[in-house]
Amino acid sequence: MLDITELSRLSGFSASKLRYYEEIGLIKSIGRRGLKRLYEDEVKIRISVISLAQTASFSLNEIKKMIGTEGRPEFDAATLNEKADSIDAKINELASLSKGLRHIANCTAEHHLDCPRFQRIMRAALIKRSKTRRTRPDNTVSY
């Protein structure tokens, strides 16, 4: 068994965050030792899944659906593939942005505003911003 202090130290999650996760049903304590909540060793697996899912930008509600309240986590292949596609799109967008920034940094035009490629990058950024504000699609921008 782990108390909340040990679980916090092992997981890197604050005790208040662990209490919140318990409150919303992501983890479950099995009792108390004095004022400290106690958890079974199994909770380390759940906390690891939560951490990984958050790194992949899953919401807490999505994570809750994946790990349920009892038993082993169940992962839906379609949901995971959809999230992976979203991450791939973001990687492509960031790589394109990086190339654009490198071009701007090394551009030989007398002034950046005179560079046709810089002008395209600015237009693409504005279009991306206006589309994102409307619907938040996973569109990528080519620079």
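The values are calculated or read from the model by the stated rules, or taken from the named source; none is laboratory data. Note that this is a predicted model, so its numbers are computed, not measured. Cβ atoms come from the backbone with ideal geometry, glycine included; neighbour counts cover every protein chain shown.
Among residues of the stretch 86-102 that are part of a helix (DSSP H, G or I), those with a Cβ under 8 angstrom from a residue that is of a type in the set (A, V, I, L, M), sequence gap 6+ or separate chain, pair up as 87/56; 93/141; 96/141; 97/141; 100/121. Residues that are surrounded by 13 or more Cβ atoms within 10 Å (Cβ to Cβ) and in a strand (DSSP E or B) within the stretch 1-50 comprise 2, 3, 36, 37, 38, 39, listed in sequence order. Only residues that are in contact with a Lys or Arg (Cβ under 7 Å, 6 or more places away or on another chain) and assigned to a helix (DSSP H, G or I) were counted in the stretch 58-85, giving 1.
Determine whether residue 136 is within 31 Å of the chain's Cα centre (by Cα) and modelled with pLDDT under 80. Lay out the reasoning, then the answer.
On the way: within 31 Å of the chain's Cα centre (by Cα): yes; modelled with pLDDT under 80: yes.
It is true that residue 136 is within 31 Å of the chain's Cα centre (by Cα) and modelled with pLDDT under 80.
Just a yes or no: is a residue in the stretch 80-101 touching a helix residue (DSSP H, G or I) at 6+ places or on another chain (Cβ under 6 Å) and either over 30 Å from residue 42 (Cα atoms) or of a type in the set (Gly, Ala, Ser) (or both)? Yes.
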